[in-house]
């Protein structure tokens with residue numbers, strides 16, 4: 001990872017978010033607003049999603065950020081995040097989105113059901129602890145990059161609860177909370193989530 005120099009600190013202006021995920025656009029866009037950043041999604045610029053061929057969150061985040069920076073000529077921010085379930089050997093991990101794939105698009109209810117079915121098969125005393133991981137990668141068009149990781153530990157509940165989150169949020173309760181990420185106010189999630197932890201590191205280094 002090449003750390004950003006002082007001259008590479010982000011100034012207010014346009015920033016490409018390397019995603020086609022509407023939930024991530026809303027969440028990261030809201031985090032960037034106080035810093036004067038105008039976030040535009042790669043999908044809105046007609047940029048294709050690169051195949052996520054790396055075997056780590058950081059690798060996939062960098063891959064996406066570099067593709068968006070090269071394709072747009074602007075600074076790009078990418079997020080690669082996932083759910084790591086202890087009893088499943090850390091799965092689905094960086095294959096988190098793959099568990100939701102169907103011929104008709106991503107089905108997160110299906111993905112959550114897959115996780116629950118695998119836990120249920122291990123019996124009633126299975127550990128339900130899990131960690132959300134978020135890696136944010138910044139890429140400048142000339143190749144400079146920076147990576148920031150955040151984690152949030154918690155446990156999984158069933159059935160899912162809440163409709164305000166996305167992905168696996170409705171089955172994840174962060175340590176110290178009683179509501180799922182699908183139930184809490186987005187502003188509260190922004191203060192406590194894995195993405196918030198990664199974003200705080202990005203702010204300290206680049207904003």
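I'm checking my understanding of the structure. Among residues of the stretch 79-104 that are in a helix (DSSP H, G or I) and over 17 Å from residue 24 (Cα atoms), which one is farthest from the chain's Cα centre (by Cα)? So that I can check it myself, show each step before the final result.
Taking the stretch 79-104 as the starting set, the residues that turn out to be in a helix (DSSP H, G or I) are 86-88, 93-95, 97-100.
Of the ones still in play, those that are also over 17 Å from residue 24 (Cα atoms) are 86-88, 93, 99.
Numbers: 86: 19, 87: 21, 88: 20, 93: 11, 99: 15 Å.
Once the filter is applied, the top-ranked residue is 87.
I need a count of the residues in the stretch 146-171 that are more than 20 Å from residue 118 (Cα to Cα) and in contact with a strand residue (DSSP E or B) (Cβ under 9 Å, 6 or more places away or on another chain). Talk me through it step by step, then tell me what you get.
First, the residues of the stretch 146-171 that are more than 20 Å from residue 118 (Cα to Cα): 146-152, 162-166.
Filter again for in contact with a strand residue (DSSP E or B) (Cβ under 9 Å, 6 or more places away or on another chain), leaving 146-152, 165.
The qualifying residues number 8.
Of the strands (runs of 3 or more DSSP E) that lie entirely inside the stretch 105-207, those containing 1 or more residues that are surrounded by fewer than 17 Cβ atoms within 10 Å (Cβ to Cβ) and without any contact (Cβ under 8 Å) to a residue 40 or more places away in the chain span 145-156. Taking the criterion of being more than 23 Å from residue 189 (Cβ to Cβ) and assigned to a helix (DSSP H, G or I), the residues of the stretch 44-64 that qualify are 44, 45, 59, 62, 63. Considering the stretch 68-85, the residues that are without any contact (Cβ under 8 Å) to a residue 60 or more places away in the chain and within 21 Å of residue 198 (Cα to Cα) include one that is surrounded by the most Cβ atoms within 10 Å (Cβ to Cβ), namely 80.
Being within 18 Å of residue 199 (Cα to Cα), surrounded by fewer than 17 Cβ atoms within 10 Å (Cβ to Cβ) and without any contact (Cβ under 8 Å) to a residue 24 or more places away in the chain narrows it down to one residue among 12, 34; which is it? Quick ask: steps written out before the conclusion?
Working: 12 fails: without any contact (Cβ under 8 Å) to a residue 24 or more places away in the chain.
After applying the criteria, what remains is 34.
Can you pull out every residue in the stretch 16-42 that is out of contact with any helix residue (DSSP H, G or I) (no Cβ under 7 Å at 6 or more places or on another chain) and in a strand (DSSP E or B)? Of everything in the stretch 16-42, those that are out of contact with any helix residue (DSSP H, G or I) (no Cβ under 7 Å at 6 or more places or on another chain) and in a strand (DSSP E or B) turn out to be 37, 38, 40.
The numbers here are math on the coordinates, done by the rules we state, and not lab data. Remember, predicted model here, so these are calculated numbers, not experimental data. Every residue, glycine as well, gets a Cβ built from its backbone with ideal geometry; the counts of neighbours run over all protein chains shown.
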